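The values are calculated or read from the model by the stated rules, or taken from the named source; none is laboratory data. Keep in mind the model is a prediction, meaning the values are calculated, not measured. In this analysis, Cβ positions are derived from the backbone assuming ideal geometry, glycine residues included, and neighbour counts consider all displayed protein chains. The protein model used for the area step is the full one, side chains on, heavy atoms only, and it has no ligands, DNA or RNA in it. Shrake-Rupley method; radii C 1.70, N 1.55, O 1.52, S 1.80 Å.
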Amino acid sequence: MAYAKTTGEPDFDVVLIGGGIMSVTLGALLHQLEPNWKIRLYERLSDVALESSNPWNNAGTGHAALCELNYTPEMADGSINIAKAVSINDQYQLSREFWDHLVAQGNLDAEGTFLSETPHMTFVSGEENVDYLRRRWEKLRANSRFENLEFSSNPEVISKWAPLLTQERFGDAPIAATRAAGGTDVNFGRLTVNLASHLKDSGVDILTGRQVSNLKQRKDGIWNVTVRDKRWNAPRKAERVSARFVFVGAGGGALPLLQKSGIPEIKGYGGFPISGQFMRTTNPEIVAQHNAKVYGKASVGSPPMSVPHLDTRVVDGETSLLFGPYAGFSTKFLKSGSLLDLFGTIKPNNILTMLSVAKDNWDLTRYLITEVTKSDLRKFRSLKEFMPTADPKDWEFITAGQRVQVMKTKPGSRGGMLEFGTELVSSADGTIAGLLGASPGASTAVAAMVSLLEKCFPDEFLLWENDLNRMMPSLGTPDLVASAPKTREEF
């Protein structure tokens, strides 16, 4: 099979793998900083934003730690730790500032095309949960980032905020809620498409229907990227291009590609795939009564991914309500992937990690078994707990995107650990990097990619800092620097 020339100067300065929010965000940042660099993006599907970035494959929450209880854990001494909430909030602020910069330049459509102001709420019931939520609110509002957060345990006030939570709610159990009026709902699919259009108009190659099948580093440090053209009428079924830097932003496809690259930093990493469903209603009478993203509390022993939430969703001008998630299990790493994906990533260097995670996470296994075996009626009952007036005739099930949770070796041991965040893995020479994991994902894309730039382009980063600070004024603030994500750490 004939391939393109791979010796001498590389074909591209940067190759981006995957047409989701992470790749286009990195592409947009690099184009702002180095407009003369040659950049190419490959996407295996027929268009960008068809996997996790698609609006119906995620909840669309602009994660700013305004409503998510898993970002504010209660410690053994009863105190509330808000460090992660502060970090997540700062990172989302970076995303907003970068989007604003691109809009002001005319490189991105107005924020209203992909973002809508949607209050973020937390809703709980029971004395212990109400007490926790009050203490969480008191701790958060002392920080300037959360000073506008409201709290109420008055059913009449909560009813004004979100009527569907209180209508026909009977019993004596106390309830409470917090509300942040400045929350957002984000159509990450539309945002990804807009960023990709900007890159294409700026001269960046965006090739769809192409699957990167192998990565191999030459002795001179340049990467050879083998690409298969999946289009039925492709003039050539495979080619090989070269690049100084490669970013693997392929969602669930990132782990197998990083393994193929052979970099030692990926050793010990595994992936735990989880599928999911949401319930959706477009009934205008119901939709009109709810304007918020309302997060609850996961059941005791359940993982963070099980947190129930009733969300306003605005997709291309149409508003609906979404409830979930309902988790399931599939061995696929991508929604359009193969059932063999999981097995293909099991290697001698990560099998002990994966077995250790399986042994130590029986609660997750039990949770998934329970979720998979639930009938549609039982799933609907969990919506009724949130929204007592819910009627099955108004709701439909939709399949969400596939998520791959990170499994990695515990520091200082041969055991493994399961991470529910997002993790950046890069080679020692900084010529290749990839992103693993899931939530908060898209909301922190800009912070993640700035962290990548600092790690992988240290010399250039010193020259880029002024431009980055101009695009994102809060980037240079001491608090944000202190909470910035680090390579191979969850953010």
* Structure fact -> Given unit charges at Cβ for Lys, Arg (+) and Asp, Glu (-), the dipole magnitude of segment 245-334 about its Cα centre in debye, nearest 20, is 320 debye
* Based on the mean of other Cβ atoms within 10 Å per residue, sort peptides 92-105, 443-456 so the most packed one is first. => 443-456, 92-105
* To do: Kindly report, to the nearest 10 Å², the accessible surface of Met417 as traced by a 1.4 Å probe over protein heavy atoms only.
  => 50 Å²
* Asked: Taking the simple approach of a point 7 Å from Cα along Cα-to-Cβ for both Lys160 and Lys359, what is their distance in nm?
  -> 5.7 nm
* Just order 321-334, 250-263 by mean Cβ neighbour count inside 10 Å, highest at the front, would you? => 250-263, 321-334
* To do: Please report, in Å, the Rg and the Dmax of the chain, where both are computed over Cα atoms only.
  => 22.5, 75
* Project the alpha carbons of segment 1-133 onto their principal axes and report the range along each, largest first, in whole Å. => 68, 36, 28
* To do: State the percentage of accessible surface on segment 128-176 attributable to carbon and sulfur atoms; use a 1.4 Å probe and exclude ligands, DNA and RNA.
  => 43 percent
* To do: Return the calculated 222 nm mean residue ellipticity for the chain, to the nearest 500 deg cm²/dmol, obtained by summing -39500 (n - 2.57) across DSSP H runs with n ≥ 4 and dividing by the residue count.
  => -9500 deg cm²/dmol
* Just subtract the alpha-carbon distance of Phe461 and Ser375 from 0.36 nm times their residue separation and send over the number in nm, one decimal. => 25.7 nm
* Which three extents, in whole angstrom, do the alpha-carbon atoms of segment 240-281 cover along their principal axes, largest first? -> 47, 26, 14
* Only bridges with both residues in the chain count here: give the DSSP antiparallel percent, nearest 5. => 75 percent
* Residues with amide H under 5 Å from that of Ala238, placed H, sequence gap 5 or more -> Asp229
* To do: Determine the per residue accessible area of the chain with all protein chains present and a 1.4 angstrom probe, expressed in square angstrom.
  => 43 Å²
* Using 1/(1 + (r/R0)^6) with R0 = 25 angstrom and r between the beta carbons of Arg470 and Lys38, what's the FRET efficiency to the nearest 0.05? -> 0.55
* Structure fact -> Per the Cα gyration tensor, segment 326-483 corresponds to an equivalent ellipsoid with semi-axes, largest first in Å, of 36, 25, 15
* To do: At a Cα cut-off below 24 Å, give the lysines reachable from Lys455, other chains included and same-chain residues fewer than 8 away excluded.
  => Lys38, Lys84, Lys216, Lys219, Lys260, Lys267, Lys408, Lys410, Lys486
* Segments 163-175, 192-204, 275-287 sorted - mean Cβ within 10 Å per residue, highest first -> 192-204, 275-287, 163-175
* To do: Would you give the gap between the C-alpha center of segment 58-88 and the C-alpha center of segment 225-268, rounded to a whole Å?
  => 35 Å
